[in-house]
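Down below is the structure, laid out as structure tokens.
Derivation of every value follows stated rules applied to the coordinates shown; laboratory data play no part. The model shown is predicted, which means the values in this text are computed figures rather than measured ones. Cβ coordinates were reconstructed from backbone atoms using ideal geometry, including for glycine residues, and neighbour counts include every protein chain displayed.
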Amino acid sequence: MSDNQWNPALYQQKHSFVFEYGKDLLALLDARPGERILDVGCGTGQLTHSIAAVGANVVGMDVSPAMIETARRNFPELEFIVADASNFMLPEKFDAVFSNAALHWVTSAEAAVRCIHQALNPGGRFIAEFGGKGNVAGIALAIRQILQTRFAIETHHRWYFPAIGEYATLLEKHDFMVQQAHWYERPTKLEGEDGMRNWIIMFCAAMFQGLADDEQATALRCIEERLRTTHYRDGSWFADYTRLRVVAQRR
């Protein structure tokens, strides 16, 4: 496992719940024919394609070249670009910015809000859902504990999981009017007997930097053992997700 190396095949094959859950967010977006919409953190493009299907002019954006390459193969008729959500400026403005399960990877949250504001037309809307306060707290704790006790490694996740008040205040500071903000628990079923292991490999690679392959395998096995009593039930693994959903408008 290595930092900043996304695996599009593993993402699509074992973690399709990321974009499947995002379909519910599309109703809040309510895209209309002819609108220009930016999909921030588009991954392999499935939700970008759904937005385009209603007749909107959509651009998919992701920081991962591998994800964008796969998105372009999946949907060659659509426009996809590689860009950092906390440091981008596009030549045209958008009627809406949409983002599903992406902004918790952007630790420079205020910079991202500034960029999103700049990308919108006045009155444009911002619809997003991402990890909220407490997201995957149990999994992250188990990883830290195993790495500390067995390998003497102090590690921490590189995610941004804000509370409602924190993020709403940030949006208001940058001239957004917050229309909805909702935090909720969403335990998420993972696929297969290796579901937890695959989830950790997909999303937590940075926490394992410096470990040899055999050490990583040992760590993963120990983490599974620790989590089995709390995150495994009825024959399936579950991730302890909490989500923050916001709808805001640029003033």
Can you work out the Karplus-derived ³J(HN,Hα) for every residue in the range 93-101? Use 6.51 cos²θ - 1.76 cosθ + 1.60 with θ = phi - 60°, whole Hz, and x for glycine or proline. 8, 10, 7, 8, 10, 10, 8, 10, 6
Can you list residues from other chains, or at least 5 along the same chain, whose modelled amide H is less than 5 Å from the amide H of ALA56? GLY34
When LEU26, LEU90 are ranked with the fewest other C-beta atoms within 10 Å first, the list becomes LEU90, LEU26
Straight-line reach only, C-alpha to C-alpha below 15 angstrom: list the aspartates and glutamates that LYS173 could link to, leaving out same-chain residues fewer than 8 apart. GLU110
Whole-Hz Karplus ³J(HN,Hα) for the range 102-109, in order, using 6.51 cos²θ - 1.76 cosθ + 1.60 and θ = phi - 60°, x for Gly and Pro? 10, 6, 6, 7, 9, 6, 8, 5
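Could the peptides 184-191, 40-47 be put in order, highest first, of the mean number of other beta-carbon atoms found within 10 Å of their residues? Provide the component values of the computation, followed by the final result.
On the way: 184-191: 13.9, 40-47: 25.8.
Per-residue mean Cβ counts within 10 Å order the peptides as 40-47, 184-191.
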In order over the range 78-85: 3J(HN,Hα) from phi, Karplus 6.51/-1.76/1.60, θ = phi - 60°, whole Hz, x for each Gly or Pro, gives 9, 9, 10, 9, 8, 7, 8, 4
Pairwise centroid distance, computed over Cα atoms, of the range 216-251 with the range 58-74, Å: 25
Mind ranking 242-250, 161-169, 72-80 by how tightly packed they are, going by the mean number of other C-beta atoms within 10 angstrom, highest first? 242-250, 161-169, 72-80
For the chain, find the longest principal axis of its Cα atoms and tell me its angle to the long axis of helix 17-29, 0 to 90°, nearest 10. 20
For the chain, what does -39500 (n - 2.57) per DSSP helix run (n ≥ 4), summed and divided by total residues, give at 222 nm, in deg cm²/dmol to the nearest 500? -12500 deg cm²/dmol
For the Cα atoms of the chain, what angle does the longest principal axis make with the long axis of helix 213-231, in degrees from 0 to 90, nearest 10? 80
Just how far, in whole angstrom, is the range 176-203 from the range 90-146 if you go by their alpha carbon centroids? 14
